[in-house]
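Okay, so here's the structure we're looking at.
Just so you know, all these numbers are worked out from the coordinates, no wet-lab data involved. In this text the structure is predicted, and so the values were computed from the model without any measurement. Neighbour counts are summed over all protein chains in view; Cβ atoms, including those assigned to glycine, are modelled from backbone coordinates with ideal geometry.
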Amino acid sequence: MTTNAHSSRSRRSHPGAAVVALGAVTVLLAGCSSSSDATSDPLAGDKAAGDTVVVGSNNFAESILLADIYGEALKAKGIKVSYKPNIGSRETTYGLLKNGSITVLPEYNGSLLAYLDAKAAQTSLATVNAAAKAKLDSKLTLLESSPAEDKDSVTINAETAKRYNLTASSTLADLKDIAPELVLGGSPEFQTRQQGMLGLESVYGLKFKSFKALDAGGPLTQAALKKNTVQAADIFTTDPTILKEKFVVLQDPENLFGFANVTPLVYKSGLSQEGIDALNAVSAKLDTKALLDMDSQVQLESKDPLDVAKAWLKSAGLG
């Protein structure tokens, strides 16, 4: 299956987009999180000095949080770390990785592959990572992927979940007999994409009552789901409103929505084996549930991402 361009994070709205302009900038201005360690110009192309590992992040809240998690795990091993947070889109950060200005960047494997090769098939975690590695610049590599994914999903509201006895372990296949009673919401493009209504019908046999065009997992979609204007919607899997509104994300065992596993992308010569092992240890324990909880703390409770990262690392035995 081929991942559409919308799953490339540099080209789509993100569940944290509403807070990025304010939240991420506030992090920078307030000196919170890793920003206190950042250079004055996050776009500066100077290579890291000596043995310093530079951890970068893209310009949305979750990426900044993930950079703190991986960066602080390196610090816990005594590795010197500096940060370049909130840099920009993948087009910018990929270039900075290639020239060694950034050593580590939290990426999403399927989205990265779609950026490197839009036509590449995404049939399994292993094939995605292998294909991405084959397309990477020779100076770069991907480390182990975490189970944590931030990707499209069909999510139902609490009222619908209760009515049809659906839980977090329910799958899209469980909607087959129910879908004709439900209105599905999402971006206009979701209606005509294979990774959307076309695939929901061809892969899972789902035929919804109707479709309501909203936005790409943003405030319009969230509000419609909350108000029961739609009973199911395309919501990103680490969107904090899932916890806030008790939405239920339906499992996608056929991987219709592709892969978006959090995966460190690294400049090979800038990271020691000890550093590689530290990052892989983080990925081994980071799952979607934990990432959703941390995103909620940062985006809904306005907690400092660095504090949230350190607390999780400690709880996971990595801090």
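Data table
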item	result
Radius 9 Å from Cβ of residue 318, net charge of other residues (Lys, Arg +1; Asp, Glu -1)	+1
Note, ³J(HN,Hα) from phi for segment 223-231, Karplus 6.51, -1.76, 1.60, rounded to Hz, x at Gly and Pro	5, 5, 5, 4, 7, 6, 5, 10, 9
Note, ³J(HN,Hα) from phi for segment 269-276, Karplus 6.51, -1.76, 1.60, rounded to Hz, x at Gly and Pro	6, x, 10, 6, 4, 4, x, 4
Set of lysines with alpha-carbon distance to residue 285 below 20 Å, sequence-local pairs under 8 removed	75, 77, 151, 310, 314
Note, ³J(HN,Hα) from phi for segment 74-87, Karplus 6.51, -1.76, 1.60, rounded to Hz, x at Gly and Pro	5, 4, 4, 9, x, 8, 6, 10, 10, 10, 10, x, 6, 5
Two-site label geometry, residue 228 and residue 121: point separation in nm, points 7 Å out along Cα→Cβ	4.4
Segment residue 280-residue 202, extension gain: residue separation times 0.36 nm, minus the distance between their alpha carbons	24.4 nm
Residue 176/residue 316 FRET efficiency (R0 35 Å; Cβ-Cβ; nearest 0.05)	0.40
Which of 192, 222, 205, positive extreme of dipole for segment 154-249 (C-beta unit charges)	222
Qualifying trypsin sites (Lys or Arg not before Pro) for segment 212-243 [loop in DSSP, other Cβ within 10 Å: at most 14]	227
Part-to-part distance (alpha-carbon centres) for segment 230-279 and segment 89-109, which is given in Å	18
FRET efficiency, residue 168 to residue 98 (Cβ-Cβ, R0 30 Å, nearest 0.05)	0.15
Considering only segment 154-249, percent of DSSP beta bridges that pair antiparallel, nearest 5	45
Amide H partners (placed H, <5 Å) of residue 212, local residues excluded	184, 185, 186
Partners for residue 207 among lysines (Cα-Cα distance below 18 Å; same-chain residues under 8 apart left out)	176
Footprinting exposure proxy for 105, 184 (fewest neighbouring C-beta atoms within 10 Å first)	184, 105
Long-range HN-HN contacts of residue 108 with modeled amide H, under 5 Å	263
